[in-house]
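Only one structure is covered here, and it is reproduced in the block below.
Since every read-out is calculated from the coordinates, none of them should be taken as a lab result. The model shown is predicted, which means the values in this text are computed figures rather than measured ones. Cβ placement follows ideal geometry from the backbone for every residue including glycine, while neighbour counts extend to all protein chains displayed.
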Amino acid sequence: MIDLPTVAEIQRKVAETAFGRPLVTNVLRGHVVEAIVAAALEPEWEWCAEDYSSWDLQRADGLRLEVKQSAARQSWATSDKPSACSFDIAERKGRWEGAVWIDSAGRAAHIYVLAHHPVADISADHREAAQWRFYVIPTDQLPLTRRLSLSRARALTNDVGFAELAAEVAGAAASLKPSAI
């Protein structure tokens with residue numbers, strides 16, 4: 001008779017398969033980036049992303065932050081040619097708050113952090129926080145479009161590294177009108 005694997009054994013095996021290589025598949029890379037952003041912003045911000053959640057981090061005062069990501073090198077890439085990078089910033093028809101669906105069109109977060117991984121050569125490692133660049137944009141400054149190109153993100157704001165991310169988010173938060181929260 002074969003012993004049943006423990007939950008810890010299954011978790012370890014899944015984590016190694018999903019995140020044990022430098023290039024993380026698109027489907028799971030968002031988790032990596034959210035963890036990196038959370039590491040920069042905690043404890044002031046809480047990483048609250050859940051299945052189908054409408055934002056990824058929130059502050060005690062109700063301020064909400066959405067993380068979107070794109071990478072120049074993909075797990076399926078066969079060359080060092082960078083992929084075209086863009087970010088999904090589409091307005092949604094509503095939002096989930098816990099298990100409750102709220103019919104409210106728009107963007108649920110107050111601030112967007114667009115994370116770009118620009119490394120396209122063999123040194124690319126999506127798990128390495130120092131390799132990411134971040135564009136912090138208050139939601140009211142985003143254009144009404146479904147996708148935002150990397151060049152358009154660069155036109156809206158400057159990129160920052162991990163060490164500057166918390167200060168950039170704090171600046172964006174301070175620029176918001178109290179009625180926006």
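Just give me the residues in segment 115-165 being within 21 Å of Arg29 (Cα to Cα), of a type in the set (A, V, I, L, M) and either assigned to a helix (DSSP H, G or I) or in contact with a Ser or Thr (Cβ under 9 Å, 6 or more places away or on another chain) (or both), in sequence order. The answer is Ala115, Ala120, Ala129, Ala130, Val136, Ile137, Leu148, Leu150, Ala153, Ala163, Leu165. For the residues Ala35, Ala40, the requirement of being closer than 14 Å to Ala173 by Cβ and assigned to a helix (DSSP H, G or I) singles out Ala40. Taken over segment 57-75, the criterion of being in a loop (DSSP other than H, G, I, E, B) and free of Cβ contacts under 8 Å to residues at least 40 places away in the same chain is satisfied by Ala60 alone. Filtering segment 107-155 to residues that are of a type in the set (Ser, Thr, Tyr), more than 15 Å from the chain's Cα centre (by Cα) and either surrounded by 19 or more Cβ atoms within 10 Å (Cβ to Cβ) or under 15 Å from Ser86 (Cα atoms) (or both) leaves Thr145, Ser149, Ser151. If we keep just the residues of segment 57-89 that are surrounded by 12 or more Cβ atoms within 10 Å (Cβ to Cβ), within 28 Å of Ala108 (Cα to Cα) and aliphatic (A, V, I, L, M), which is nearest to the chain's Cα centre (by Cα)? Within segment 57-89, the match that is nearest to the chain's Cα centre (by Cα) is Val67.
Of the residues making up segment 171-181, those that are surrounded by fewer than 17 Cβ atoms within 10 Å (Cβ to Cβ), touching a residue at least 40 places away in the same chain (Cβ under 8 Å) and outside any loop (DSSP other than H, G, I, E, B) number 1.
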